[in-house]
Structure formats: structure tokens, C-alpha cells
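For reference, the structure is listed below as C-alpha cells.
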Amino acid sequence: MTSRNLSRRGVLKTGAIAGAGLALPTYLSAASHAGFTNAPQGDTVTLGFNVPQSGPYADEGADELRAFQLAVQHLNGEGDGGLVNTLKPSSLKGNGILGKKVTYVTGDTQTKSDAARASAKRMIESDKVLMISGGSSSGVAVAVQSLCQDMGMMFMAGL
């Protein structure tokens, strides 16, 4: 009869390898079936800017919205004051996103989670946005991130 000496390190390694082996099929299956909501159609893409336009963070929201609007101008090559040409190296060509003109819609989070979720849901379902950004407070960002994850939507927190 042979006996094996198992060290704590050996048990942890074996457990990690077994866990990774069990998780890999789930990971590969999820990656291959990942749905993408609102794939761009036509010659434009629409982005959703979900910022506080009223409520306690309205001033921060106004700044966020101005920055988003400037970014859209840069992406589309409209009135950027020549800034795109100063960025070296830059992949910005001033022709939108993958050659599609960028448009945007806005929503007022009111710095309230429920209002932010409702606004984001409208942008996804009615406005057919490609991506949502915003989130001046962590409560709003967490609420919108959860909704976007459930609906297969990209979310980029603007915190």
C-alpha cells in the first residue's frame, strides 16, 4: 500500500485546476452565445448619455454632457478645432465609428437609481443606442450597470 503526502499547497493547486476545468466550458459557452443588443443598422450609430440634468449632481451632469458632446464632434470630425490632428498617434479619423456617423440621445438620471434605470431602458428599447455612458454617483452607476448587463448592452461608467 502506498501513501501520499499531500501538502496544503498541493491541495490548493489541485482545487484551483479542478475549478478552472469546471468553469471553462461555462466561460466558452457564454462567450460563444453572447448577445449584442442594438447592433448598428444604417449609416449612423447612436450613443446614450445618461447624466444628471436635475437633482443634486446637475452641475456635474452638465459638465459630463458637454464632454460627451465634444467627443461626438471629435469622432465625427465636426468643429473639433483641429484637436484630432494634434493627437499622435491617433486612430481617430473624424469619420465616426467604423465609418458611421455618431448621434446621441440623453437621459436625466436625476441622481436617482430608479430614474436612471428608466432613462437607460428607454434609450436601449426606444432609441436603439449602441452604448450607454454616464453615472455621476455610484448608486446610479450600479443600477444602470445591472440593467445594461441584463439587457446585453455596453455600459461605460463616467464616474
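The values are calculated or read from the model by the stated rules, or taken from the named source; none is laboratory data. Quick caveat, the model's predicted, so the values are computed rather than measured. Because the Cβ atoms are built from the backbone with ideal geometry, glycine has one as well, and the counts that use them run over all protein chains shown. Areas reflect the complete protein model, heavy atoms only, side chains present, ligands, DNA and RNA absent. Shrake-Rupley method; radii C 1.70, N 1.55, O 1.52, S 1.80 Å.
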Quiz item: Does at least one position in the stretch 41-59 carry a residue that is within 23 Å of Glu125 (Cβ to Cβ), modelled with pLDDT under 90 and not basic (Lys, Arg)?
Solution: yes
Exercise. Could you name every one of the strands (runs of 3 or more DSSP E) located completely within the stretch 88-159 that has at least 2 residues being closer than 21 Å to Leu70 by Cβ and not aliphatic (A, V, I, L, M)?
Key: 101-108, 131-134
Practice problem: Would you please list the contacts, defined by Cβ atoms under 6 Å and residues six or more apart or on different chains, that run from a residue in the stretch 96-113 that is within 23 Å of Gly42 (Cα to Cα) to a residue that is open to solvent by 50 Å² or more (accessible area, probe 1.4 Å) and of a type in the set (A, V, I, L, M)? | Solution: none
Quiz item: For the stretch 141-157, what are the residues that are surrounded by fewer than 20 Cβ atoms within 10 Å (Cβ to Cβ), within 16 Å of Ser113 (Cα to Cα) and of a type in the set (Gly, Ala, Ser)?
Solution: Ser146, Ala157
